[in-house]
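*Asks:* Take this structure, written in structure tokens, and hold onto it; I'll ask about it next.
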Amino acid sequence: MLLRLHRIDKFYPTGEGPLHVLHGIDLSLEAGKSLALTGESGSGKSTLLHLVAGLDSPDAGEIHLGGTNIVGLNDTALAALRRRTVGLVFQQFNLIPSLNVAANLAFQARLAGRPDPVWLKVLAERLGLAKVLTRYPEQLSTGQQQRVAIGRTLAARPRLVLADEPTGNLDEATGDAVLDLMLSLVAETGAALLMVTHSNRLANRLNARVHLHAGRLA
Amino acid sequence: MVWTGLTALLSHWRRRPVQLAMLLLGLSLATALWSAIQAINGEARASYDRAAAILGQDRIAQLVREDGARIDQQVFVRLRRAGWLVSPVIEGEMRFGDVRLRVLGIDPLTLPPQAQQVDVAAGDELLPFITAPGVLYAAPETAARLTEQATPPVRVAEGLPPGTVLTDIGQAQVLLGAKDKISRLLLWPDQPIGRPPLKVTVPGLTVREPSETGDLARLTDSFHLNLTAFGFLAFAVGLFIVHSAIGLAFEQRRQVFRTLRALGLPTRVLVLLLIAELLIFALLAGLVGVALGYVVASALLPDVAATLRGLYGADVPGTLSIRPAVWAAGLAIAVIGTLVAAAQSLWRLWHLPLLAPAQPRAWARASERALRAQGVTAMVLLLAAAGIAQFGSGLEAGFALLAVLLLGAALALPLVLTGILHLGDRLARGPLAEWFWADTRQQLPGLSLALMALLLALAANVGVSTMVSSFRLTFIGWLDQRLASELYVTARTEAEATAIHDWLVQRSDAVLPIWSIEGRVAGQPAAIYGVADHATYRDNWPILSAVPEVWDRIAKGEGALINEQLARRQGLGLGDQITLPGGWRASIVGVYADYGNPIGQVIIGIDTLVRHYPDVSRLRYAIRIAPGKAEALARGLRAEFGLPAQNVIDQAGIKVFSLEVFERTFNVTAALNVLTLGVAGLAMFASLMTLSGMRLPQLAPVWAMGLTRRHLAWLELSRGLLLAALTMLAAVPVGIALAFVLLAVVNVEAFGWRLPMYLFPGDWARLAALALLAAGLAAVVPAWRLARLSPSDLLKVFAHER
Amino acid sequence: MSVRALLIYLCLAAPAFGQGFAGLGTEADGFSVPQPGTAFNFPADHGPHPGYRIEWWYLTANLQAADGADYGVQWTLFRSALAPVERSGWSSPQLWMGHAGLTTQAHQFVAERLARGGIGQAGVTAAPFAAWIDNWQMAGRALPEADALSALDLRAAGQAFSYELALDAKGPLVPQGVQGYSVKSEKGQASYYYSQPFYHVTGTLTLPAGVIAVTGQAWLDHEWSSQPLAEDQTGWDWFSLHFDSGEKMMGFRLRDGGAGFTSATWIKADGRPQPQAPGALRVTPLETAAVAGRSVPIRWRVQLPEKGVDVTIRTLNPEAWMDTRFPYWEGPIRFEGTHAGRGYLEMTGYE
């Protein structure tokens, strides 16, 4: 099992006391499989994704990633995890504005210590970015930007891809095309995919889906 | 609606007290430095005006001798007996203990009402005033300085210039050793009818018309211009802080602005509300700044006063009086500065589309085109600087040159830094390094104002310290040459002087007279010295240019040496003729360096001096003796003649005194330098704080991709240090150019001497360390905050709804 | 004429340089005090007496132009000693003040000068007689055997006027009081005092309108003392009258809180003085005018029953105000009644 969550609880401090965002979540995902995480706004699905990515830590429970419980790891270990094991695709793309497309694409792979020019070239071709490699993110369309973000993530060959509404900022046609690309590329790399979406239509295209409601799995 | 709008706008600051503090601090500091300098200048000018107005000189004409020499007292009686209403004045410098004063002797009975400064005859005061030992009237400060000294009774009188004592003409003649002599005659504005013409009655005298500004105001003009330039620089640097703080606040409140407008608040009202908000801040910070300025000015004024006294003989009080005009101007400049700093933001707000997408980074991002335009402007300014350097002349041109040079350099800085960062990018290996360089370049527009401020401060520092150090080196060398004799003695009477001379001839290697008269040469006040024909002068005198066998010619009475400032101011050179007091002419055979002396100086042979001025006071001698025996001789001299300690001074004593004057001259400059650097550091801090708020969207993805917050924080800190270091590098050539302008243009105009430039890389290293320290301090807080940021704050970047 | 003592004392010792009246009426510390029975010693006594606190040479002239127009001229040199010594140079404690006045029917011209003794700007020498301050002077040109004051050249100039007069005495010097010892009050204050009231004058006046030749008569007082007035005296009215008959009269009233004090000297045409008893003279203001913001009498009834004098005095120019450091009224007068003639009036202390 690549990913296993065990009784995850998460609170957020608010003005009216702690808000219980996640209630005893249990979840698992095998390598090479894809799982859709659906739910309404505020159901806690992004939070769950962030916990898995090692961006935040739960208040209770365990997260086993590739056999290691990442809960309680220090900052450096978590950073190494993010660098080497997981890849993140955000709704806002979150490209690095100061780097051009080529550098953005290569960035995480190089951070992870796995630069692979051949694979990068393939990715650029497949993502239709070969002609815009010298451009800067702000000069791209939103669809192109998200393709760069996906390419950047996959270039490092993470074992787990985490996507948070990856097509949420795109129109439906572009979104579908980008999603198709992402799914096929993830499948090719053999990575597992955990994708947060509020769209049933998109969720149905993944191997499995779980629904989060008010912090509990339905 | 208005009130609601204003509270909505102001609520922003409650949530961001640091930002508010930064805005107020920047504005206060800028105002403080500006007001401080204005206050100092105002104080000095007021005291020049007082000096110029003393005895009504600014309102009534005077009769003087063309050559500035003293006039026989009988001339006064002759004029009065001929029907001319005139009043005699005698004026001179003298020492009471270690306090040097200008003594002004008046005749209260004939003094024109316009010239009456002090009621010296109130009550029963007239008799003690006119009979020995007399009474000295002095300003409170001057009187306080005299409490320890043996003087005639001192009475306090407001309104007298500092460093001046007013006394009866008869007493003044005794004090100054000028029996039956007067310096000038005040001419009553209303004269009786039937007077013979002045030319017939007193052929040797000319009328000097009343003058609003005295010699002092003219002489010290450049000094004050210097200070003003510094004040302006400091203010400009301060405004950088204000600009960035306001820009940030506007950017952060875009959402609020849009909401307010969507809720029906007209743009005009919104802009007016923001202006009102800014005015509140400006007034608040202005008040604080003005108060702070008073403190700074009070702290600096004693040094300024000492400088002006040492360098120009101008007496300025060491304490500050409250001048409402100066402080009102301080408030006004705070308000104007705020509005100028906010103009860009307000302009953008005016043109803000109602539904523009939120783009926090837009503020920090300047387009390539803007950068190019800035580069072109910088080039134009630097070319203009070159043009002024080539074709301009005069002090104004010197300062204009400084202004365009500094501004051009500042504007060129972002361009230069962009180039360097591109280069760094190209040379970088590894993704993080590449990202670091690229991201630093990306940051540049948001930081460029602060960096420009830093460049200005650093360049000013390099320039001024180069100038001061060059000056010091030259000055010390010059002192060694100029003060070749081991001892200097001043007798109290001519009889004593003769006795001292005879006594010394047996006991020393040489006794050299230092006798001088004061007068006017080429319309300027000057001193004329006589020198003996002695190796002391032949070997040591700091000659800049001279004809062959110059000392032989001086000894033969053929010609005169003049100091550099006289030569430069009057455009005199070797072979030119000058007219000396008494109307005789001499040809210039040499020019010598004479630093630290505001007035002209002429040197002729001692015999020539005595022949032309038989009345010259013969009280001072320089003594040559083996250095080891100097102290014993000085002791013997004091004991033998009962001379006060300050009448026998050794070479070291004079050097210490001279260097002290020198150091004080540049104390103020140094203090302002440090303050300006501090403000620049603060500007950088404000900018980095500002940017750190906007940096999160750029940093969060990198964090998400596997960097720790600590690592990011270190990178942020290094970025600040890198930019500061690059700016420092850029500042060195600018500073050297600045030093060159100061030494070769401004000093020549301001003081009348030109100095060689020496470079002191050690100073630059120290300054660089200081700059890095300042930048490090400025960068460390945002970096530390980044390192301590909670993940949830970073995660907000990834949240869907923003 | 000790009333003038107050004037000079106030002018020189106090108001010229301040507001204080300190020392007024106090003891003459260190200064000489006039003693009765001291004969004058001429010409030396024409000169200054630095041991006495106050001294003056005071000349008034009633002049007429060819067209009959009346003019008045005043020339006064005051000496005030801050200490009873003379020193050469600026430390001289002897201060000098000159007042010059020229009165026409329509205008009053005034000038004032101050100087210190010891440097030559002002002073008096006895023989040959010369009194000067700046270019104003009263210079003797008497023959050696004659009295030094018997012939004088007089000159003064102000901003808008000047005069040059030649004075020739047609009578002797007249000692006032008892052989020149003039007692001023019951407390014993006194002065040395003599007059030369018999000058015949010719000369020219220079006015903005031009130069005018004049003739007339003049009266010189020379007086010195160390003690000014009693403390309660607020001002005085002083009259010098030249009767057409050739006789002269000097009289004054000292005003105080009470009835005042009058004194007069009748001078016969041959110069013999006849001092009158205190109170014998009666002076009554008849009409006042506003002068320089003050109410000043400009018409007087003057009576000396002893000599059958009962005349009405009117001023030539009511505006004869001496706008000097210590201002007062001084101007020429004409009188009619039992006698007719011209003279001078001085009034001080009107507020």
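*Asks:* Could you list, in sequence order, the residues of segment A:42-77 that are closer than 18 Å to B:Arg710 by Cα, more than 7 Å from chain B (Cβ to nearest Cβ) and out of contact with any Leu (no Cβ under 8 Å at 6 or more places or on another chain)?
*Replies:* Correct list: A:Gly72, A:Asn74, A:Ala77.
*Asks:* Against the conditions (1) more than 14 Å from chain B (Cβ to nearest Cβ); (2) outside any strand (DSSP E or B); (3) within 21 Å of C:Gln64 (Cα to Cα); (4) free of Cβ contacts under 8 Å to residues at least 60 places away in the same chain, where does C:Ala106 fall short? Just the number, please.
*Replies:* Failing condition for C:Ala106: (4).
*Asks:* If you don't mind, there's one more thing I want to ask. Filter segment B:546-562 for residues that are outside any helix (DSSP H, G or I) and under 17 Å from B:Gln601 (Cβ atoms) and give the result.
*Replies:* Once the filter is applied, which keeps residues that are outside any helix (DSSP H, G or I) and under 17 Å from B:Gln601 (Cβ atoms), segment B:546-562 yields B:Ala546, B:Gly559, B:Ala560, B:Leu561, B:Ile562.
*Asks:* Does B:Arg426 satisfy the criteria of being within 14 Å of chain A (Cβ to nearest Cβ), within 30 Å of A:Leu105 (Cα to Cα), touching an Asp or Glu at 6+ places or on another chain (Cβ under 9 Å) and part of a helix (DSSP H, G or I)?
*Replies:* Criteria not met by B:Arg426.
*Asks:* Out of (1) part of a loop (DSSP other than H, G, I, E, B); (2) touching a Ser or Thr at 6+ places or on another chain (Cβ under 9 Å); (3) at negative phi, what's the single condition that is false for B:Val103?
*Replies:* Evaluating B:Val103 over (1) part of a loop (DSSP other than H, G, I, E, B); (2) touching a Ser or Thr at 6+ places or on another chain (Cβ under 9 Å); (3) at negative phi leaves (1) as the failure.
*Asks:* If B:Pro197 satisfies all but one of (1) farther than 30 Å from B:Pro644 by Cβ; (2) more than 14 Å from every other protein chain (Cβ to nearest Cβ); (3) crowded, with 22+ Cβ neighbours inside 10 Å, what's the number of the condition it fails?
*Replies:* It fails just one condition, (3).
*Asks:* Against the conditions (1) in contact (Cβ under 8 Å) with a residue 60 or more places away in the chain; (2) surrounded by fewer than 21 Cβ atoms within 10 Å (Cβ to Cβ); (3) not polar (S, T, N, Q), where does B:Leu79 fall short? Just the number, please.
*Replies:* For B:Leu79, the exception is condition (2).
*Asks:* Same structure again: Does segment B:748-766 hold any residues that are crowded, with 22+ Cβ neighbours inside 10 Å and part of a helix (DSSP H, G or I), and which are they?
*Replies:* B:Trp764
*Asks:* Same structure again: Among C:Ala127, C:Ala190, C:Ala156, C:Ala146, which is the only one that is surrounded by fewer than 18 Cβ atoms within 10 Å (Cβ to Cβ), of a type in the set (Gly, Ala, Ser) and touching a residue at least 40 places away in the same chain (Cβ under 8 Å)?
*Replies:* C:Ala127
*Asks:* Before we move on, is C:Gly171 farther than 23 Å from C:Leu254 by Cα, without any contact (Cβ under 8 Å) to a residue 12 or more places away in the chain and small (Gly, Ala, Ser)?
*Replies:* no
*Asks:* Here are some residues: C:Pro15, C:Pro34. Which one is crowded, with 21+ Cβ neighbours inside 10 Å, modelled with pLDDT under 90 and part of a loop (DSSP other than H, G, I, E, B)?
*Replies:* C:Pro34
*Asks:* So which of C:Glu319, C:Glu330 ends up being in a loop (DSSP other than H, G, I, E, B), among the acidic types (Asp, Glu) and over 16 Å from C:Glu247 (Cβ atoms)?
*Replies:* So the residue among C:Glu319, C:Glu330 that is in a loop (DSSP other than H, G, I, E, B), among the acidic types (Asp, Glu) and over 16 Å from C:Glu247 (Cβ atoms) is C:Glu319.
For every residue, the table says whether it meets (1) free of Cβ contacts under 8 Å to residues at least 24 places away in the same chain; (2) within 14 Å of another protein chain (Cβ to nearest Cβ).
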residue	(1), (2)
A:Asp116	no, yes
A:Ala124	no, no
A:Gln139	yes, yes
A:Thr153	no, yes
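*Asks:* If the requirement is being farther than 24 Å from C:Leu77 by Cβ, in a strand (DSSP E or B) and in contact (Cβ under 8 Å) with a residue 24 or more places away in the chain, which of these qualifies: C:Leu345, C:Leu286?
*Replies:* Criteria check complete, one pass: C:Leu286.
*Asks:* Another one. Given the options B:Gly628, B:Gly653, name the one that is buried (at least 16 other Cβ atoms within 10 Å of the Cβ) and without any contact (Cβ under 8 Å) to a residue 24 or more places away in the chain.
*Replies:* Answer to the selection: B:Gly653.
*Asks:* Sticking with this one: What residue, among those in segment B:706-720 that are closer than 15 Å to B:Ala433 by Cα and of a type outside the set (Gly, Ala, Ser), is farthest from the other protein chains (Cβ to nearest Cβ)?
*Replies:* Only one residue fits best here, namely B:Leu717.
*Asks:* Can you tell me which of (1) surrounded by fewer than 22 Cβ atoms within 10 Å (Cβ to Cβ); (2) modelled with pLDDT of 85 or more is the one A:Gly15 doesn't meet?
*Replies:* Looking at each condition in turn, A:Gly15 falls short on (2).
*Asks:* Taking segment A:85-105 only, how many residues are more than 7 Å from chain B (Cβ to nearest Cβ) and part of a helix (DSSP H, G or I)?
*Replies:* Qualifying residue count for the region: 4.
*Asks:* Go through segment B:147-185 residue by residue and tally those that are away from chain C (no Cβ under 14 Å), assigned to a strand (DSSP E or B) and either in contact (Cβ under 8 Å) with a residue 60 or more places away in the chain or of a type in the set (Ser, Thr, Tyr) (or both).
*Replies:* 4
*Asks:* Just wondering, is there one or more residues in segment C:112-132 that are modelled with pLDDT of 90 or more, under 27 Å from C:Arg334 (Cβ atoms) and not hydroxyl-bearing (Ser, Thr, Tyr)?
*Replies:* Yes: segment C:112-132 contains one or more residues that are modelled with pLDDT of 90 or more, under 27 Å from C:Arg334 (Cβ atoms) and not hydroxyl-bearing (Ser, Thr, Tyr).
*Asks:* Out of (1) within 17 Å of B:Ala704 (Cα to Cα); (2) in contact (Cβ under 8 Å) with a residue 40 or more places away in the chain; (3) more than 8 Å from chain B (Cβ to nearest Cβ), the odd one out for A:Leu111 is which?
*Replies:* (3)
*Asks:* Do we have any residue at all in segment B:730-745 that's more than 24 Å from B:Leu227 (Cα to Cα), in contact (Cβ under 8 Å) with a residue 12 or more places away in the chain, touching a helix residue (DSSP H, G or I) at 6+ places or on another chain (Cβ under 9 Å) and away from chain A (no Cβ under 14 Å)?
*Replies:* yes
The values are calculated or read from the model by the stated rules, or taken from the named source; none is laboratory data. Just so it is clear, the structure is predicted and the values come from calculations on it, not from any experiment. For neighbour counting, all protein chains shown are included, and Cβ atoms are generated from backbone atoms with ideal geometry for every residue, glycine included.
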